[in-house]
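Asker: Sharing a structure here in C-alpha cells format.
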Amino acid sequence: HQMAVTRGRSRTPRSPAKEKVQSKTRVKEAVLQKERPQKFGFRAILAIFGSGPMFILLTYTPWRAWMDGLLVFPDILISDTIACSPWHRSVYTTGISMAALSSCVIYSEFARALKQRIWDLPKSVNVDRTLEMAIDQFLFTVLCGVVPNLLILISFMFIEETDEAGNVALPDGEDLIQWILHVLAATLAFAGLGICAFLYAWHIGPKALELGIESKRDTYTRMVCACGIAITVMFGAPIRLLHIYWDREAMAFPLLMVEVISLCFGVGANVFGSAGMMMELDASHPKLKFRHLALNNWWVTLIKPLVTFRPLELKKFKPT
C-alpha cells in the first residue's frame, strides 16, 4: 500500500510556475555562492589612501585647533576649522580634494561593475528596473552634486561670527559673497550625500544583495553608512536653522556632531565599504599594472623614443 502511494505521488505532475520559481532560486543561490577573487591594486589604494586621511581631518584636526586656541566657542564647526588659519585651509583643501578624486574613481567603477554584473546575469533572473535607474541617479549625484560642491566649499571661506546678542553676524562685501557660496555649496553637498545614502539604502543595497552582484560584507558596511548618513542629514537641516535663528551657542555642538558623523559615515563608505569591490575589480580587470611603472619601462616609453625620434617622419601622419 505504501509503495502504491509513493508511486502515485511520483506520477503527480509539477506545476510549471513552481518549477520556474525553483529554477530562479537555484540560479540565484549559485550566483550568491560565487566567490570573487580579490587583489590589492590601484583602485583599492585610491579608495583607502585617497579618502582615509579625512578621518584625521574630521576628528583630530578640529580638536587640535581647539586646544591651540584657534577656535573659540561657538565658532567650532568644520567650516570654522578650515578658515581658522592658512595652514588649516591648505590641509583641508588637499584632503577634501583627494577624497573628491577618490570618490569619482570609486563610484564610477562601482556603478560600471554593478551594471556589468546585472547584464551578465542569466535571463531567467528577474531584475527590478529601478535598480539600474537608482545606480545612474547615484552616480550622477556623486559626480555632479557632491564632488563639485565639496570643491566649491573649500574654495570660498566660511566667515561667520557671533554678535553681542549671540546671533549670527554676517560679513560685508566680498566676504559676504564667500559666505553665501560656501553655505550654498555645503548645503548642496550634504543634500547630495543624503540622496546618495537614500538611493543605496532603499534601492541599490537590498536589490544588489538579493541578486548576488555585491558581497555581503560590502553591502552590510555600505548599508550601515548609508543609514547613518540618511538619519544624520535628516536632523541636520532643522539643527542648522535653529543654529542661525534661535540659539547659536546651544546648537553649535549638535551641528558639529551632524557634520562630523555624516562625513565620517561618508568616508567610511569610501574606505571600508568600497575596498572589497575595488580589490575584486583589481583582480579581474586591473586599472594599471605596477610592473609597467618600473624605471626601465619609463626609459622604454620616454627616453628611448627621443634618441630615435625623426621629425621628418611626421609627414606620414598627414591626412591625404
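The values are calculated or read from the model by the stated rules, or taken from the named source; none is laboratory data. A quick note: this is a predicted structure, and the numbers were derived from the prediction, not measured. Don't worry about glycine lacking a Cβ; one is built from the backbone with ideal geometry, like all the others, and counts go over all protein chains shown. Ligands, DNA and RNA are stripped out before the accessible areas are found, and what is left, the full protein with its side chains, is counted by its heavy atoms. Shrake-Rupley method; radii C 1.70, N 1.55, O 1.52, S 1.80 Å.
Asker: Out of the range 199-216, which residues are touching a Phe, Trp or Tyr at 6+ places or on another chain (Cβ under 9 Å) and open to solvent by 10 Å² or more (accessible area, probe 1.4 Å)?
Answerer: LEU199, HIS203, LEU209, listed by residue number.
Asker: Which of the residues belonging to the range 126-153 are at pLDDT below 90, surrounded by fewer than 16 Cβ atoms within 10 Å (Cβ to Cβ) and of a type in the set (A, V, I, L, M, F, W, C)?
Answerer: VAL127
Asker: Note down all Cβ pairs under 6 Å where the first residue falls in the range 230-253 and is under 12 Å from PRO74 (Cα atoms), the second is among the hydroxyl-bearing types (Ser, Thr, Tyr) and surrounded by 15 or more Cβ atoms within 10 Å (Cβ to Cβ), and they're at least six residues apart or on different chains.
Answerer: These pairs meet every condition: ARG248/THR162.
Asker: Next up: Only one residue in GLU174, GLU160 is modelled with pLDDT under 85 and buried (at least 20 other Cβ atoms within 10 Å of the Cβ), so which one is that?
Answerer: Result of the check over GLU174, GLU160: GLU160.
Asker: Right, another one. Can you tell me which residue among ARG43, ARG36, ARG89 is at pLDDT below 85 and either crowded, with 20+ Cβ neighbours inside 10 Å or not in a strand (DSSP E or B) (or both)?
Answerer: On inspection, the qualifying residue turns out to be ARG36.
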